[in-house]
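Here's the structure, in structure tokens; my notes come after.
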Amino acid sequence: MINPASLACQMRDSVGDGRWISQHERFLDDCKRHEPNIVFIGDCLIQQMQNSTIWKTNLEPLHCLNFGIDGDQTQHVLWRIENGELDFENMPKIVVLLVGTNNNDHSADQVADGIIKIVSKIREKLPHSSIIVLAIPPRGREINSVREKINKVNELVEQHLSNRTYSDKKVHFLCSSKVHDFISPQDGTISHNDMYDYLHFTDQGYSKYMEPVLDEIIEILSLYDS
């Protein structure tokens, strides 16, 4: 059976303003004009990161590009990569991937398979780059079934990437304790101080979520310099 979450396709332009494809074309131009050390690619959680303090203070100086698009699902990111994004003359040292929270109509198994297929496509395009796959953060103020699905997606992706038969040592799945710090141990709620709409991060939320990611990035970059 065909998995729609791993079948590359463009985002449907339901409004008719062409914004999605225009962003893709801008990213293609960025691939030609820039030589980044790090490329972040994914959905709204990646896109909005570029407005955060941790991006401007800690990540931007590391020569990063942000290829996040609001609303993207796994199949859309896959299409973008298959159609020229990440086609750099000089390969970036690291690609950071976060996608899956918008795959509302797909099962956990389908979303996990979509993420794994994206990782394979990144590796095909960039055989020597390190890949950091970020765990999908929880969402919703109260405990809900979507969180359970997200936990399952993260578990499946981590199991696949840590499997002994998966020998790519330059792929890192990052699901730190910081992901769970967003959830109150008392009542299971998420604070609007971390996620203003219980999905998208505040500046404080990005700092909390990205702290271990930044540590991982610095560690990988240090290997290139040694």
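The values are calculated or read from the model by the stated rules, or taken from the named source; none is laboratory data. Everything quoted here is computed from the prediction, not taken from an experiment. Glycine also receives a Cβ, built like all others from the backbone with ideal geometry; neighbour counts cover every protein chain displayed. These area figures cover heavy atoms from the full protein model, side chains too; ligands, DNA and RNA do not enter into them. Shrake-Rupley method; radii C 1.70, N 1.55, O 1.52, S 1.80 Å.
Before moving on, here are some points about what is shown:
- Subset of the stretch 102-121 that is over 22 Å from W20 (Cα atoms) and in contact with a helix residue (DSSP H, G or I) (Cβ under 6 Å, 6 or more places away or on another chain) - its residue that is most open to solvent (accessible area, probe 1.4 Å): D113
- For the stretch 122-167, taking the residues that are in contact with a strand residue (DSSP E or B) (Cβ under 8 Å, 6 or more places away or on another chain), more than 26 Å from I190 (Cα to Cα) and surrounded by fewer than 19 Cβ atoms within 10 Å (Cβ to Cβ), the one that is modelled with the highest pLDDT is identified as R123.
- Long-range neighbours under 7 Å by Cβ, at least six apart or interchain, first residue over 11 Å from D43 (Cα atoms) and of a type in the set (S, T, N, Q) within the stretch 96-116, second open to solvent by less than 10 Å² (accessible area, probe 1.4 Å) and assigned to a helix (DSSP H, G or I): Q110/A5
- Residues that are basic (K, R) and surrounded by fewer than 21 Cβ atoms within 10 Å (Cβ to Cβ), drawn from the stretch 42-87: K56
One line per residue, one yes/no per condition, for (1) within 17 Å of the chain's Cα centre (by Cα); (2) among the hydrophobic types (A, V, I, L, M, F, W, C); (3) modelled with pLDDT of 95 or more:
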{"site": "C175", "(1), (2), (3)": "yes, yes, no"}
{"site": "K178", "(1), (2), (3)": "yes, no, no"}
{"site": "Q186", "(1), (2), (3)": "no, no, no"}
{"site": "Q204", "(1), (2), (3)": "no, no, yes"}
{"site": "L223", "(1), (2), (3)": "no, yes, no"}
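- Test: residue in the stretch 93-101 that is open to solvent by less than 40 Å² (accessible area, probe 1.4 Å), out of contact with any Lys or Arg (no Cβ under 9 Å at 6 or more places or on another chain), more than 20 Å from L221 (Cα to Cα) and assigned to a loop (DSSP other than H, G, I, E, B): yes
- Summed over the stretch 102-152, residues that are closer than 18 Å to V171 by Cα, assigned to a helix (DSSP H, G or I) and among the hydroxyl-bearing types (S, T, Y) total 1.
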